1. Given the conditions (1) over 20 Å from residue 235 (Cβ atoms); (2) not in a loop (DSSP other than H, G, I, E, B), report the number of the one that residue 88 does not fulfil.
2. Can you tell me which of 123, 139, 128 is more than 30 Å from residue 48 (Cβ to Cβ), open to solvent by 30 Å² or more (accessible area, probe 1.4 Å) and part of a loop (DSSP other than H, G, I, E, B)?
3. Can you tell me which residues in the range 55-75 are surrounded by 15 or more Cβ atoms within 10 Å (Cβ to Cβ), in contact with a strand residue (DSSP E or B) (Cβ under 7 Å, 6 or more places away or on another chain) and not in a loop (DSSP other than H, G, I, E, B)?
4. Suppose we filter 30, 45, 35 for residues that are in a helix (DSSP H, G or I), touching a residue at least 40 places away in the same chain (Cβ under 8 Å) and not basic (Lys, Arg); which single one remains?
5. Tell me whether the range 217-228 contains one or more residues that are surrounded by fewer than 19 Cβ atoms within 10 Å (Cβ to Cβ), more than 30 Å from residue 126 (Cβ to Cβ) and modelled with pLDDT of 85 or more.
6. Could you name every one of the helices (runs of 4 or more DSSP H) located completely within the range 163-252 that has at least 3 residues being under 16 Å from the mean Cα position of the chain (by Cα) and under 18 Å from residue 103 (Cα atoms)?
7. Take the range 80-103 and flag every residue that is open to solvent by less than 50 Å² (accessible area, probe 1.4 Å) and either at pLDDT below 90 or closer than 16 Å to residue 214 by Cβ (or both).
8. Restricting to the range 121-137, name every residue that is under 24 Å from the mean Cα position of the chain (by Cα) and in contact (Cβ under 8 Å) with a residue 12 or more places away in the chain.
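The values are calculated or read from the model by the stated rules, or taken from the named source; none is laboratory data. In this text the structure is predicted, and so the values were computed from the model without any measurement. Reconstructed Cβ throughout: ideal geometry from the backbone, glycine too, with neighbour counts over all protein chains shown. Note: accessible area is taken over every heavy atom of the protein model, side chains too, but ligands, DNA and RNA are not part of it. Shrake-Rupley method; radii C 1.70, N 1.55, O 1.52, S 1.80 Å.
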Amino acid sequence: MTALAQQRRHGAPWMSPPSPWVRAVKALVIALIVITMLYPLVYVIAMSFASPAQARAGVFFPTEFSLDAYRAIFNGGTVTQGLQNSLFITVVGTVLSLTATSMLAWGLVRTRQVPGAKVVLVMILATMFFSAGIIPNFMLIKYLGLLDSTWSLIIPGLISAFNMIVIRNFFQGLPEELIEAARIDGAGEWRIFLQIVLPLSKPVLAVMGLFYAVGYWNTYFNALLYINDSEKWPIQVVLQQYVLAGVQIPGATLPGDAPPPPGVTLQMAVIVLATVPILVVYPFLQRYFTSGVLTGAIKG
C-alpha cells in the first residue's frame with residue numbers, strides 16, 4: 001500500500017488528535033498569553049485602590065486598599081465633567097449613527113425604488129479608500145461653526161461606510177417574501193422598516209451599536225483638533241492631559257486637611273474610569289457577534 005493510500009485510509013496527519021506534550025505546550029502558551037493580557041488590567045485596578053503608603057513605596061502588587069484616589073477625583077470635578085461629556089457623546093452619537101446608518105442601508109437595499117441608489121453606494125464605497133485629510137476636515141468643521149462644540153465629535157463620523165455595508169448586507173439577507181407580504185397587506189415603506197426590518201435586525205444593530213459606542217467613547221484626536229475648552233473635553237483627552245502629560249488634576253484633593261493621594265493612584269483611577277465603562281457593555285452584546293457580524297459580512 002502506497003503512502004498516499006495509507007494517508008487516505010487513516011486521515012490526514014493534521015486531523016489526528018495531538019499528543020499529550022503538544023496539548024501541554026498549547027495550554028502553557030495560552031496561559032502565558034492570558035496572564036500577559038490580564039495582569040496589566042488587574043494591576044491598574046489594584047493600584048487605583050492602593051493605600052497611600054503602599055503607593056508611595058512602589059510595591060509590585062498592593063495588599064492594602066483605599067478609596068482616597070476616587071474620592072479626590074470626584075471631588076475635583078474635572079474627571080467627572082470628562083465622563084459626562086464622553087457619556088453624552090457616546091449615547092447621543094451611537095443613537096444618531098445607528099438611526100442614520102440603518103436608514104441609509106435600507107434605502108440602498110431598495111435600489112429599484114430609490115433613484116440613484118447605486119451611484120450613492122459607489123460614492124460611499126469610495127470614502128473607504130480616499131479621505132480629504134486633516135486640514136480640509138478642520139476647515140469644514142470651522143465653516144460649519146462646530147469648533148469648540150461636542151457636535152464636532154459626532155456629526156463628522158455620523159455614518160461609517162464599513163458599518164453601513166455590513167448592515168446593508170444583513171438587510172439583503174432578510175426574506176423578500178416577508179417584505180412583499182407586508183406590502184400586499186398595505187404596509188408602507190416606513191412601517192416595513194420600523195416594524196419588520198429593524199426587529200429582525202437586532203443582532204447586527206447591537207454589534208454595530210457597540211462599534212459606534214467604542215469609537216465615540218475613545219474619541220481623542222478629533223477632540224484635540226476641534227475642542228479648546230477644557231470643560232468640553234471627553235474623558236480620553238482628560239486621560240492624556242493628566243496621565244501621559246503629567247499635569248496635576250485641578251482640585252483633586254480630599255476634604256478637610258487630609259493629604260492628597262499619591263499621583264500614581266490618581267493616574268490609575270483615571271485610567272480605570274476611562275476604560276471600565278465601555279468594557280462593561282461588551283458581555284451583554286457578545287451573544288450577537290456571530291449572528292450579527294458574520295451574517296452581515298458574508299451575505300450580499
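1. It fails just one condition, (1).
2. 128
3. The answer is none; no residue qualifies.
4. Result: 45 is the single residue among 30, 45, 35 that is in a helix (DSSP H, G or I), touching a residue at least 40 places away in the same chain (Cβ under 8 Å) and not basic (Lys, Arg).
5. Yes.
6. The helices (runs of 4 or more DSSP H) meeting that bar are 202-217.
7. Passing the criteria: 80, 82, 83, 86, 89, 90, 92, 93, 94, 97, 98, 101.
8. Passing the criteria: 124, 125, 127, 128, 134, 137.
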